[in-house]
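> First the structure, which I've put down as structure tokens, then a few questions once you've had a look.
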Amino acid sequence: MNRNNSLRILTTIALAALTLTAYAQKENLETVADFHHIAAYLVAGLLITVFVMFFSNRIYYFREKEIVSQRRGMISQLGVVMETNNTRIFTLDLENKLIWLISENGEDKKGTSLMDFSQMYNHDDFRRLMKEVIDPVKEGRIEQGNMNVKGGGKDNKGNVYDINISVLHRRKSGGPKVLLGIQRDITDEFSRRENAQKLAMRMRTVFDSSQADMIYYDENGHITDINDKACETFGISNRESLLKRKVHLNDIVTFRDIDMRDLDKTTMSAITDLDKLKATDERVAEVTIRGKLYYEVSLTAIRDKEGKFLGVISAGRNITEMVTRYHQEQKNRRLLEQTTEDIKRYINNINYTLRVSGVRMVNYDLEHHMLDIASDLNKIEYRLSQIRCASLLTERERRRARGLFMRMDRRIQGALEVTLETIFRDEKGRNIYQTISMVPVKDKEGNITNYFGMARNDTEMHYTEALLEEETKKAQETEELKNTFLTNMSYEIRTPLNAVLGFAELFNGPHDEADEPVFAEEIKRNTGNLLKLVNDILFISRLDAKMVEFNYKESDFAASFEGYCYMGFSVVNPGVNVSVENPYSQLLLNIDEQNLGEVISKMCAISAASTKEGSIRAKCDYRHGELTISIEDTSEGMDKNSLSHIFDRFANDFSSERTGTGLEMPIIKGLIEQMGGSIEVQSEQGKGTAVYVIIPCEMIKMEKK
């Protein structure tokens, strides 16, 4: 019902009441007490009462509607504020012990028991919240209180909340009846504060435990911190006095000309005669060492994210002893000069190496027995237990890793270093080797608190050393083979040469003229053997030097195969049956016909010379891009020992009797392998020999018989 209809009804009721009243007043006073007049008055009174009640109801209704509208606007604003500030509001009914969560639209969600509500938070933190905040507010000891509480459960685990508890409603007696809770999510703020504390702690650990001299200058150039190593280097016994005097960067002789405001990063070396310096300059009186100081130092400017200058950090090293030793030994040890230069280059590039060489900082926590690995100071990349570390190593390295952890757990003094093989592989598929170097870090009382060090990738060095060892072994084997070859070659050449010289000398001595044809024939035969041997030696030398030319062109292998076979069978023993199986009438291949023909004729010749009786069968076939040639004979065969040396130079070929120069099989194997093929010899004593050759080649045309 709208406002206009309500006004019409009220007007009608009022007019009716006035009419009845007027009617009653017109009557005589004597008749006022009769039934009709009494009824009229009652009806009029009732109408007036209804009018007043209805009018009050409408006023209350419109006021309530206006209040509800205002409440909705305020709740909408509250929802925006809650969402913007990551805030949640809840109430705690102390009588019913129920938690009512206030949603963003201002409505109370379903009531939750205190036990269920506590599951949203860390159990220990919620107990502290109850004990230190909620109970004191409930008992009236404090008006309000707040506490940081960690989240619990799957959805809230890891979050941190700031919870404020205050009184919302009180009983008539004044005691709290309903408590109001305001929860704000401060996870990001808490994480930033925690990370800042960890970063500061790590920086302090690195600063104090560094093996380099570390000095920090503030934005005004004054020394505000110096580590123990620097105090030891410069003989500073009173560190506090040095810091209290506010020594400036430019007070140090090496840095007199440096403008620290324009400094970015610089590395320099200096030679300072401290005796002469202290005689004329006492700006740094705390330095007590004497003599010449050879020093290398790196200055790095520190700036914030906006580029504002915050200070300078100096990392240096006393190289006096190294340089002195170099000067003393440079006359008789030339190698030391190169080594020293390498060390200097390494020191100058150490920061760059940490960034690009895969070197990582390693920290072992003795309390929790955990190994932290990081590539910078901002975060820990990996936090590994001893078992997890062992699982990342190969089986044979796990015992050494356990030994390293055991020495650190026992707080062994001094540096520790070990190289371990991991299960990870590099881009070349090789197992990665990591060298871990650790040094103990001590507290003020001298107790070891943790071990800090570096882990570097030594994979390349490990495999390089292994490769050098392997290549050295191969070189030694090659040298032995070369010496054996030269020895055998000298013997093989001298044998026919001595025969030629021997028969030639017989011509000069007393002899029968009838023997001269025999002498001439022997000279001719041995000269031929010598020529053939020299040719084979020259050819195998060209093979070793990869100087043999291969001319691939289209050739009809079917037309030439039988010719090469019978060329080798020309020396076949009487009574031996030879056969050539060629299933093709035309087989056009892209091959080097000359060198392949040389291989076939040599194999056939060796087989013919070795077979005394029986048969020899040569066969060819082409399948799946490969040409297969096989030669099978019924020779005496070979035992396993002879077969294992079949391709050795100047070794017996297929039998105990020498056939040819002794270089035929090595030449055949070299030609086949340089054409991309392979050769296999199968033989058994008394059961013959079979040779199989496979040459990959392109088939252009094929016609079978």
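The values are calculated or read from the model by the stated rules, or taken from the named source; none is laboratory data. From a predicted model like this one, the values you see are computed outputs, not experimental measurements. Reconstructed Cβ throughout: ideal geometry from the backbone, glycine too, with neighbour counts over all protein chains shown. Only protein heavy atoms, including side chains, enter the accessible area calculation; ligands, DNA and RNA are left aside. Shrake-Rupley method; radii C 1.70, N 1.55, O 1.52, S 1.80 Å.
> Order the following by accessible area, largest value first: Y451, Y622. Probe radius 1.4 Å; ligands, DNA and RNA are ignored.
Values: Y451 0, Y622 25 Å².
The residues order as Y622, Y451, largest area first.
> Provide the per-residue ³J(HN,Hα) series for the range 242-250, in order, calculated from phi with Karplus coefficients 6.51, -1.76, 1.60 and θ = phi - 60°, each as a whole number of Hz, with x at glycine and proline positions.
Computed from phi, the couplings for the range 242-250 are 4, 5, 5, 6, 6, 5, 8, 4, 6 Hz.
> Cross-link candidates for K428: which aspartates and glutamates have Cα within less than 18 Å, leaving aside residues fewer than 8 places away along the same chain?
Straight-distance partners of K428: D458, E460, E465.
> OK, next. Pop a pseudo-label 7 angstrom from the Cα along the beta-carbon direction at both K687 and R256 and give the gap in nm to one decimal.
Once both label points are built, they end up 9.6 nm from each other.
> Which value, in Å² rounded to 10, gives the accessible area of F539 with a 1.4 Å probe and all protein chains present?
Rounded to the nearest 10, that gives 50 Å².
> On to the next question. Hey, what did the range 401-472 get for relative contact order, percent, Cα under 8 Å, at least 6 apart?
Numbers: 92 pairs, mean separation 16.9, N = 72.
About 24 percent, as a whole number.
> Solvent-accessible area of D259, probe 1.4 Å, all protein chains present, reported in Å² to the nearest ten, please.
The value for D259 is about 80 Å².
> Sticking with this structure for a sec: Taking the alpha-carbon distance from K704 and a cut-off under 16 Å, which aspartates and glutamates remain once sequence neighbours fewer than 8 residues away in the same chain are dropped?
D556, E562, E581, D621
> Once the Cβ-Cβ distance between R193 and R239 is put in as r, and R0 is 35 Å, what FRET efficiency do you end up with, to the nearest 0.05?
Values: r = 30 Å, r/R0 = 0.86.
Here the calculated transfer efficiency is 0.70.
> Could you put I59, I89 in order of accessible surface area, largest first, with the 1.4 Å probe and the full protein assembly present? Write down the numbers at each step before the final one.
On the way: I59 65, I89 25 Å².
My answer, sorted largest first, is I59, I89.
> Hull surface divided by four, with the convex hull built on the Cα atoms of the range 563-699: how many nm²?
Values: hull surface 31.3 nm².
Value for the range 563-699: 7.8 nm².
> Pulled fully out, how much extra length does the chain show between N508 and N641, if you take 0.36 nm times their separation in residues and subtract their Cα-Cα distance?
Details: separation 133, 0.36 × 133 = 47.88 nm, distance 4.60 nm.
Extra length from N508 to N641 when fully extended: 43.3 nm.
> Could you give the nm distance between label points at E470 and Y566, where each point is 7 Å from its Cα heading toward the beta carbon?
Going by the 7 Å Cα→Cβ label model, 5.0 nm.
> Something else: At 7 Å along the Cα-to-beta-carbon direction for both D162 and D648, put a label point, then send me their distance in nm to one decimal.
8.8
> Can you list the aspartates and glutamates whose alpha carbon is less than 13 Å from that of K138, not counting same-chain residues fewer than 8 positions off?
Within reach: D93, E95.
> Using only Cα atoms, locate the centre of the range 669-697 and the centre of the range 548-624, then give the distance between them in Å, rounded to an integer.
13
> Accessible surface of K532 in the full protein assembly, 1.4 angstrom probe, to the nearest 10 Å²?
Spelled out: K532, probe radius 1.4 Å, area about 100 Å².
> FRET efficiency for Q328 and R402, Cβ-Cβ distance as r, R0 = 41 Å, nearest 0.05? Mind showing how you got there, number by number?
Values: r = 44 Å, r/R0 = 1.08.
Approximately 0.40, to the nearest 0.05.
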